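Peer 1: Quick one: this structure, given as structure tokens, is what I'll be asking you about.
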Amino acid sequence: MSETLTNERDIELTARRWLLVASGMFAVAWGGNEFTPLLVMYRLDHGFSAVVVDTFLFAYVLGIIPAMLICGPLSDRLGRRPIMLPAPAIAAAGSILIALGPDNAFMLFGGRVLSGIALGIGMAVGGSWVKELSSRDATAKPGAGARRAAMSLTAGFALGAGVAGVLAQWAPWPTHLAYSVHVLICIVAGVGMLSVPETRTATVTSKSKKLLDDLRIPSASHRRFLFVVLPLAPWVFGAASVAYAVLPSLMADALADEPGGGYPVALSAAMAVIALGSGFAIQAVGRRIDTPASARGALVALTLLVVGMAVAAWAASVLTIAAALIAAAVLGCGYGMALVSGLQEVQRIAGPDDLAGLTAVFYSLTYLGFAVPAVLSALTETWPGVVTYPIIFGFGAVMAGICGLVVRSNTSAHLPSA
């Protein structure tokens with residue numbers, strides 16, 4: 001079969017094959033988040049400090065951001081297939097490296113960077129591919145591409161964390177089995193994507209252009225992006241990292257004297273699944289909340305984030321399982337709505353020549369939020385008893401509110417159709 005959409009049969013096949021690309025996104029997202037509930041295990045059982053463990057969490061951002069910023073525009077230039085197809089293999093390599101070095105900081109760091117590279121490709125290039133495939137699906141409703149991409153990622157994040165946490169807590173080979181499962185998923189997803197047709201064919205003009213020209217993304221300076229998307233983006237994974245990295249670490253210390261140490265890895269996995277499951281649920285109804293006429297989706301997201309950070313401050317004060325789970329659920333809703341509404345804004349702003357590029361910029365901004373755990377650990381260790389988690393989360397609620405005011409003042413301004 002031709003790799004280009006040259007006839008109606010190709011278009012009909014394309015309408016169904018977005019699921020195969022979504023499975024690739026699911027696989028790389030699984031690999032990106034399977035490590036998160038195991039942070040507690042590496043800290044308690046393998047002798048790494050809280051700051052070092054949180055640095056491992058952030059390490060994959062060092063792979064994500066360059067991969068997105070380079071591979072997104074590169075796929076606008078050369079097509080989606082040649083850039084996206086290697087992503088599951090890179091994700092599998094990351095898991096293999098982590099599994100081989102549970103006590104080696106350099107191997108863990110390197111494996112996380114590889115996981116980040118794969119995820120960066122999946123988010124920027126896979127998300128654009130799904131969007132373009134969805135636009136040829138007669139059954140797809142407006143905004144389906146953004147929702148399908150966001151839900152594929154969130155499902156991978158949630159199941160990756162949940163399965164890894166359960167296996168590490170109760171199954172044999174806690175530092176190996178979860179990563180072996182992920183390698184198998186990557187193989188299946190990678191093979192499945194081989195049959196998906198190209199949606200953006202490279203042209204002679206695009207091949208002759210300088211790559212540096214492709215890395216310039218004019219729509220990133222669009223005022224709608226600057227005043228609606230930019231204030232929202234870092235909260236996506238800022239909220240998520242609080243829900244399933246920071247709070248589980250606090251709970252592990254608080255429950256250390258309980259039977260089984262409070263089953264910290266399982267609790268961490270449960271909080272990740274609850275947060276991401278809540279995000280997945282709200283993304284499913286995001287179409288009814290979001291509107292192209294205003295920033296209603298972003299405002300709902302930031303409102304949820306204000307409440308979520310306030311609840312996190314309460315949970316960090318009382319340190320009960322119930323409070324932590326409630327905080328994870330509310331923060332997860334904020335994460336989910338922020339991700340899907342941000343993507344929908346981006347897809348309305350971007351033109352066909354810089355869709356993947358602007359998507360990459362958006363995701364790069366969202367992943368700045370993964371610096372939160374390492375920064376908070378450093379602050380609380382530097383000024384113990386002065387800078388505390390309840391105070392920090394309370395400050396976060398105020399900052400989310402300020403971002404909400406910025407978005408509210410531009411809710412109907414600078415619309416792409418205007």
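Peer 1: Being surrounded by 22 or more Cβ atoms within 10 Å (Cβ to Cβ), assigned to a helix (DSSP H, G or I) and of a type in the set (A, V, I, L, M) is true for just one of VAL113, VAL130. Which residue is that?
Peer 2: None of the other options fit; the residue is VAL130.
Peer 1: So, in the range 62-97, how many residues would count as being free of Cβ contacts under 8 Å to residues at least 40 places away in the same chain and under 17 Å from LEU133 (Cα atoms)?
Peer 2: 1
Peer 1: Right, something else. Within the range 283-302, count every residue that is crowded, with 24+ Cβ neighbours inside 10 Å, among the aliphatic types (A, V, I, L, M) and not in a loop (DSSP other than H, G, I, E, B).
Peer 2: Selection size over the range 283-302: 3.
Peer 1: Restricting attention to the range 29-58, which residues are touching a Cys at 6+ places or on another chain (Cβ under 9 Å) and surrounded by fewer than 21 Cβ atoms within 10 Å (Cβ to Cβ)?
Peer 2: none
Peer 1: Right, next: In the range 91-110, what count of residues is obtained for those that are under 30 Å from ASP354 (Cα atoms) and buried (at least 24 other Cβ atoms within 10 Å of the Cβ)?
Peer 2: Looking only at that region, the number is 3.
Peer 1: Counting just the residues of the range 133-175 that are under 25 Å from GLU198 (Cβ atoms), hydroxyl-bearing (Ser, Thr, Tyr) and in a helix (DSSP H, G or I), which one comes out modelled with the lowest pLDDT?
Peer 2: SER134
Peer 1: OK, next. Please report, ordered by residue number, the helices (runs of 4 or more DSSP H) entirely within the range 6-104 with at least 3 residues that are closer than 21 Å to GLY127 by Cα and either among the aromatic types (Phe, Trp, Tyr) or modelled with pLDDT under 95 (or both).
Peer 2: The helices (runs of 4 or more DSSP H) meeting that bar are 8-33, 61-78.
Peer 1: Just to check your reading of the model, which residue among THR201, THR205 is part of a helix (DSSP H, G or I), hydroxyl-bearing (Ser, Thr, Tyr) and either modelled with pLDDT under 90 or touching a Phe, Trp or Tyr at 6+ places or on another chain (Cβ under 7 Å) (or both)?
Peer 2: None of the other options fit; the residue is THR205.
Peer 1: Looking only at the range 244-265, which residues are touching a Gly at 6+ places or on another chain (Cβ under 6 Å) and either at pLDDT 90 or above or assigned to a helix (DSSP H, G or I) (or both)?
Peer 2: VAL265
Peer 1: Just one of (1) part of a helix (DSSP H, G or I); (2) farther than 13 Å from ALA22 by Cα; (3) not charged (D, E, K, R) trips up VAL188, so point out which.
Peer 2: (2)
Peer 1: Moving on to the next point. Among the residues of the range 392-418, which ones are within 15 Å of LEU302 (Cβ to Cβ) and among the polar types (S, T, N, Q)?
Peer 2: Of everything in the range 392-418, those that are within 15 Å of LEU302 (Cβ to Cβ) and among the polar types (S, T, N, Q) turn out to be SER409, ASN410, THR411.
The values are calculated or read from the model by the stated rules, or taken from the named source; none is laboratory data. Just so it is clear, the model here is predicted, and its values are computed rather than measured. Virtual Cβ from ideal backbone geometry, glycine too; neighbours counted across all protein chains shown.
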